[in-house]
Every structure is written in C-alpha cells, then in structure tokens.
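Reading through the structure tokens given below for one structure.
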Amino acid sequence: MTTIVSFDDLQGMEGAALGTSKWLEITQDRVNTFADATDDHQWIHTDPVRASEGPFGGPIAHGYLTLSLAIPLWSEVLEVDDVSTKVNYGLNKVRFPSPVPVGARIRLTGAVARVEKVGGEGLQITTDVVIEIEGSEKPACVAQPVFRFYR
C-alpha cells in the first residue's frame, strides 16, 4: 500500500516506516535488456547455460539492475502528491549482500531516516531501503537513497 502525503506532511515523517512494495519478478529478458543498456554482458548474467555451471547455479541479476529497481519499487511505498519536482539526489551507501537469481521475486521495504530543508522551498529525505528476495534470509540490496522534493 502506498503512503501518499503532501509536501507539508513530509516534514514530520522522520523515522516513519513506510511499508513494503509488491513483489517483482526478475526475468532473463529484464536482465538481458539491462545488459544491453549498460554494455555489461558478463556470462553470469546473460548466458543461462554457462551460468548454470557457475557459482550461483544459474544466471543472476546485475547488482545495479537490482539497485535501479529501487526507484519504481519506492514509488509503491511513498508518493508526495503536491510537488512540482522530484529528484533522485544520490546514495549515501549501498551494499549487495546476496545475488538475485533470475526467476526470483524481489520487493522493497522503506523508511524515512531524515528530513531536511534545502534551497528555500525544498525538502531532502534520506531513506533506508532493503530489497528482499522472496524466500531468502539475506537481502539483495541495502541502500540509503536521498531524494529531493520541490514545491
């Protein structure tokens, strides 16, 4: 369920847990498309036959593919509805504790760690996100994205 807030409400959300996105399946087609977009065609991602004999028993998603999916998954967790501009400002930290096998499903759990005023009419939120792999004890990605919102 998406938490929908106004710009003014966002200011009081420091420390708020926001819930969890829907599950998203990681398909070989998605992995191949990402490989084409980034010119990263390492066999562990794009060659299912060879990858089946590799260290993970099959192809895995690129770590940066998993990270890039934080944006659409995040939009299922928080929506700020009365702003003119939303900007992905960057990351404070990111780790990939576990690879995501092709065919696995992932989802994002998010929280607002910090809220700060920026540039007069802007707010910056530092978030804590965990991208889980269905059925796995270890997450695929733990990150701290930073977003800016402007009226």
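A few remarks follow.
- Filter result (in a strand (DSSP E or B) and open to solvent by 90 Å² or more (accessible area, probe 1.4 Å)) within region 1-16: 4
- Qualifying residue in region 34-52 (condition: modelled with pLDDT of 95 or more and assigned to a strand (DSSP E or B)): no
- Residue within region 46-63 that is among the basic types (Lys, Arg) and free of Cβ contacts under 8 Å to residues at least 40 places away in the same chain present: yes
- Number of positions in region 53-86 that are β-branched (Val, Ile, Thr), closer than 22 Å to residue 122 by Cβ and within 15 Å of the chain's Cα centre (by Cα): 2
- Annotation note: of 94, 31, 83, the sole residue that is among the aliphatic types (A, V, I, L, M), surrounded by 14 or more Cβ atoms within 10 Å (Cβ to Cβ) and assigned to a strand (DSSP E or B) is 94.
- With respect to (1) loosely packed, with under 14 Cβ neighbours inside 10 Å; (2) of a type outside the set (A, V, I, L, M, F, W, C); (3) not in a strand (DSSP E or B), the lone exception for residue 88 is condition (3).
- Residue 115 meets all of the listed conditions (1) touching a helix residue (DSSP H, G or I) at 6+ places or on another chain (Cβ under 9 Å); (2) outside any strand (DSSP E or B) but one, namely (2).
- Hey, residue 106 farther than 16 Å from residue 7 by Cα and open to solvent by less than 30 Å² (accessible area, probe 1.4 Å) or not: yes
- Here residue 128 passes the criteria (1) outside any strand (DSSP E or B); (2) within 30 Å of residue 60 (Cα to Cα); (3) free of Cβ contacts under 8 Å to residues at least 24 places away in the same chain except the one numbered (1).
- Considering residues of region 53-73 that are of a type outside the set (Ser, Thr, Tyr), open to solvent by 20 Å² or more (accessible area, probe 1.4 Å) and assigned to a helix (DSSP H, G or I) only, the residue farthest from residue 4 (Cα to Cα): 63
The values are calculated or read from the model by the stated rules, or taken from the named source; none is laboratory data. Predicted model only: the values in this text are computed from it and were never measured. Neighbour counts are summed over all protein chains in view; Cβ atoms, including those assigned to glycine, are modelled from backbone coordinates with ideal geometry. Heavy atoms of the whole protein, side chains included, go into the accessibility calculation; ligands, DNA and RNA do not. Shrake-Rupley method; radii C 1.70, N 1.55, O 1.52, S 1.80 Å.
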